[in-house]
Amino acid sequence: MFFLFSGNAERSHKITAFRTLTFLGLILLGVFFSSCSKQEEPQDSFNIAVFVPGVVSGSPIYEMLAAGAQSAAAEYEHVNLNIIEGGSNQGEWEEKISSLAATGKQDVIITSNPAMPGICAAVSKKFPSQYFIVMDGYLEDNDHIYTLRYDQEQQAMLNGHLAGLVTSSEMEGANDQLTIGLIAGQEYPDMLDLIAPGFLAGAKAVDDAIELDFRAVGNWYDAAKGAELARAMISAGVDVILPIAGGANQGVVTAAHEAGIYVLWFDANGYAQQPGTVVGSTSIQQDTATYDTLVKAIEGTLPYGEAVTLGLESGFITFIEDDELYTSYVPEKVRTAQNEYLEGLK
Ligand code: RBF
């Protein structure tokens, strides 16, 4: 009995061991095949098209847009990024964005400037399932468009205040005349209604007698025209100029350096453009804002339909005081007065 039983028990142990091994084997095979199939079928891809309305190089606000998008895409294996330069013919932008939307392959099209919300809204009518992000633009209540802009009136006030201090200072390149200059790429509502008035208001906070000489290049690339406008301003008595003209900014810097007058910079740290000539710089963190916004879009948490404005208190706009080229070229008296104004605005 015992042997019989024992024999049976041994057989039954063997069967149980065999079944257990088969079972474990099947699990291992399952794990093996499921991991194989995961590798063969990658997570659904997420496609981002960055439409740069102009060219990237020479425009700080577009350079930061591209950099922020690249950093966000680099965080995810399944994200594809395509940066498209729209070029300087503004009449073609809507058609170019329409062709991007028409492919139906872009999970989101991101772009930047205050004219783009209108253009994207028009494209959105033709391609209602397409999602858009517009940086440096403002549009409320389109459930497929998210916009984010910076308070550029405040930003311009900071540049303007320093311009006011410089033009009324004893600095070597400053004259007795109280005229400051602003050279824009073109005239557009945000420039005429916010940036230029903000620039003048900041200067008038120093001295109410200060006047503004405003000129526009007519495009965002012509450095020779930028230099020509700057020279004309300098002949008219301007001793400090804020260029907001993309690639044309370089011409302004050259002309100002030759004449020994001063330049202020907008959007990104510009002191190293020409040390001693560029004596003030405000910055916006469009790279960080672009990164944050795209990460939310990729994660599916971006509240499309919302329109955000970032002011000085957000930390996304500032006047750059901690650059050695600022502290070494700008007299302490001027820096102290500028710091008081900055803290006051905050
Ligand atoms: N700013 C640039 O720096 N480079 C550009 O090429 C450029 N193109 C623009 C085109 C349009 C139609 C508009 C309305 C604005 C443009 N801007 C450009 C200005 C930009 O939106 C922003 O106001 C300034 O760069 C100051 O932050």
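Selection over segment 262-277 of residues that are closer than 17 Å to ALA203 by Cα and away from the ligand (no atom under 12 Å from the Cβ) gives a count of 3. Every listed requirement among (1) within 16 Å of the ligand (Cβ to nearest atom); (2) closer than 24 Å to GLY276 by Cβ; (3) of a type outside the set (S, T, N, Q); (4) surrounded by fewer than 18 Cβ atoms within 10 Å (Cβ to Cβ) is met by PHE199 save one, (4). Taking the criterion of being within 13 Å of the ligand (Cβ to nearest atom), farther than 15 Å from GLN273 by Cα and in contact (Cβ under 8 Å) with a residue 40 or more places away in the chain, the residues of segment 209-242 that qualify are ASN219, TRP220, TYR221, GLY226.
Of all residues being in a loop (DSSP other than H, G, I, E, B) and modelled with pLDDT of 95 or more in segment 40-57, which is farthest from the ligand (Cβ to nearest atom)? Just the residue, please.
As a first pass, look at segment 40-57 and keep what is in a loop (DSSP other than H, G, I, E, B): 41-45, 53-57.
Next cut, modelled with pLDDT of 95 or more only: 45, 53-57.
Working: SER45: 30, PRO53: 6, GLY54: 3, VAL55: 7, VAL56: 9, SER57: 10 Å.
Top of the filtered list is SER45.
When each of ASP143, ASP136 is tested for being within 16 Å of the ligand (Cβ to nearest atom) and not polar (S, T, N, Q), the lone residue that passes is ASP136.
The values are calculated or read from the model by the stated rules, or taken from the named source; none is laboratory data. Please read all numbers here as calculations on a predicted model, not as lab measurements. Cβ: placed from backbone, ideal geometry, glycine included. Neighbour counts: every protein chain shown.
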